[in-house]
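Presented below is the structure to which this report refers.
The values are calculated or read from the model by the stated rules, or taken from the named source; none is laboratory data. Source: prediction; values computed, not measured. Note that each Cβ is placed from the backbone with ideal geometry, even for glycine, and that neighbours are counted across all protein chains shown.
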């Protein structure tokens, strides 16, 4: 007991004991106040459990305080915000002012005008062909214009296929024709010979028959012997047989001549084909053209119908553009047809766009679903001047519209919902109903409830309406 008590007091070096530390943090705990006395008695057994219970209560109190304190602060802040909102002073209200919109106006004036329809189109080829090989063989030579983007004139040589086999075939065909003609000449000569012999034989037969006719009466009279009569009758029979045989030979030779003529005709056709094939080894440009999609080069083997190149006629260039249903119907109703009408084409490739004249030649067979209109084709009168036109160019097209009488020209910004405009009366907007009948460039041509001189608002307003205050500027 003396040793335990000695451990609870300061040691010789001044270091506090565990008991002294607990006293400094919690004060005199119950049960520890009398743990030591002047008479030197120690604490009882219940001192340690009471200390642990007290420390647990202190820790629980700290945890609850950390959890509840933020909530208390938040509630206090909300209550303070609501109090400040409820007690804020009201700002003095200012009297509202009427809004007056500045607008520009257009004077309504009735006019008669023939506007131009502005359209866009594409340059297309009026005539183009795919040049294909007519015979098979190795490409022996190509012309200088046979390249993509090349320009060729009518008759220019484009391609030469090796001619050796075709020249040989042509010579053989001509030799066969010559042989057949010689055979025909032989048959004809034989025919002439047989025909001549037949004539002589018939004369001899006639003489023999005459001689027989004289001998028979003499034989009956006994002037000549019966043998002589029989000999003469035999001569007549022999000559008659020879004449008949020669007549058959003449007919046979005549048939052979007809057959030989048919053979000559067949061989002549074959020779003509051979000469044509020989000619087809050389391809020429059928017209002045631009060259594209070249598929043949020197040394390449080509078969019949292989593509050599595509040729686009330089002098047959068209512009293709689309008219809406309304435009097409209006123009056809006004003039009866579109074919023959003049159009102006501009190609915007320079500061001053080149201008071309064109004539409408045909109209599409059906209305296209994707564009909602009908295609029109106009042929360029001179596609080479001032700048040569090429297919694929995007151009502007101007076409004269019909004549519109008693219409008012207004900017597109003045029309709302395609049927309403606003005029200015006594500084306020007043709506008027109109109908759009056409266009003139970016302006619209309208008819409707507009009087001469009405001030039509041209400024686009976001919230127009009857009675809105405006001021002209």
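Answer with yes or no whether residue 384 is outside any strand (DSSP E or B), out of contact with any strand residue (DSSP E or B) (no Cβ under 6 Å at 6 or more places or on another chain) and either surrounded by 14 or more Cβ atoms within 10 Å (Cβ to Cβ) or in contact (Cβ under 8 Å) with a residue 60 or more places away in the chain (or both). Spell out the reasoning first.
Details: outside any strand (DSSP E or B): yes; out of contact with any strand residue (DSSP E or B) (no Cβ under 6 Å at 6 or more places or on another chain): yes; either surrounded by 14 or more Cβ atoms within 10 Å (Cβ to Cβ) or in contact (Cβ under 8 Å) with a residue 60 or more places away in the chain (or both): yes.
Taking the combined requirement at face value, the residue satisfies it.
Being buried (at least 16 other Cβ atoms within 10 Å of the Cβ), in the same structural domain as residue 330 (by TED's automatic domain parsing) and in contact with a strand residue (DSSP E or B) (Cβ under 6 Å, 6 or more places away or on another chain) narrows it down to one residue among 456, 468, 395, 424; which is it? Reasoning before the result, please.
Working: 456 fails: in the same structural domain as residue 330 (by TED's automatic domain parsing); 468 fails: in the same structural domain as residue 330 (by TED's automatic domain parsing); 424 fails: in the same structural domain as residue 330 (by TED's automatic domain parsing).
Among 456, 468, 395, 424, only 395 is buried (at least 16 other Cβ atoms within 10 Å of the Cβ), in the same structural domain as residue 330 (by TED's automatic domain parsing) and in contact with a strand residue (DSSP E or B) (Cβ under 6 Å, 6 or more places away or on another chain).
Among the listed residues 341, 379, identify the single one that is in contact with a helix residue (DSSP H, G or I) (Cβ under 8 Å, 6 or more places away or on another chain) and modelled with pLDDT of 90 or more.
Details: 379 fails: in contact with a helix residue (DSSP H, G or I) (Cβ under 8 Å, 6 or more places away or on another chain).
After applying the criteria, what remains is 341.
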Only one of 278, 234, 252 is touching a residue at least 24 places away in the same chain (Cβ under 8 Å) and either touching a helix residue (DSSP H, G or I) at 6+ places or on another chain (Cβ under 6 Å) or outside the structural domain of residue 135 (by TED's automatic domain parsing) (or both), namely 278
**Q.** Residue check, residue 70 modelled with pLDDT under 80 and out of contact with any helix residue (DSSP H, G or I) (no Cβ under 6 Å at 6 or more places or on another chain)
**A.** no
Output for Cβ contacts, cut-off 7 Å, separation at least six or different chains, first residue within 30 Å of residue 339 (Cβ to Cβ) in region 400-417, second in a loop (DSSP other than H, G, I, E, B), reads 400/114; 401/114; 401/115; 403/114
Within region 158-180, residues surrounded by fewer than 16 Cβ atoms within 10 Å (Cβ to Cβ) and more than 46 Å from the chain's Cα centre (by Cα) come out as 168, 171, 172, 175, 178, 179
Only one of 191, 198 is out of contact with any strand residue (DSSP E or B) (no Cβ under 6 Å at 6 or more places or on another chain), part of a helix (DSSP H, G or I) and at pLDDT below 85, namely 198
Among (1) under 20 Å from residue 118 (Cβ atoms); (2) out of contact with any helix residue (DSSP H, G or I) (no Cβ under 7 Å at 6 or more places or on another chain); (3) surrounded by fewer than 18 Cβ atoms within 10 Å (Cβ to Cβ), residue 404 falls short only on (3)
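Go over the candidates 100, 113 one by one and state the one that is closer than 30 Å to residue 408 by Cβ and exposed (fewer than 14 other Cβ atoms within 10 Å of the Cβ). Quick ask: steps written out before the conclusion?
On the way: 113 fails: exposed (fewer than 14 other Cβ atoms within 10 Å of the Cβ).
Only one candidate qualifies: 100.
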Residue set 404, 377; condition touching a strand residue (DSSP E or B) at 6+ places or on another chain (Cβ under 8 Å) and within 28 Å of residue 433 (Cα to Cα); output residue 404
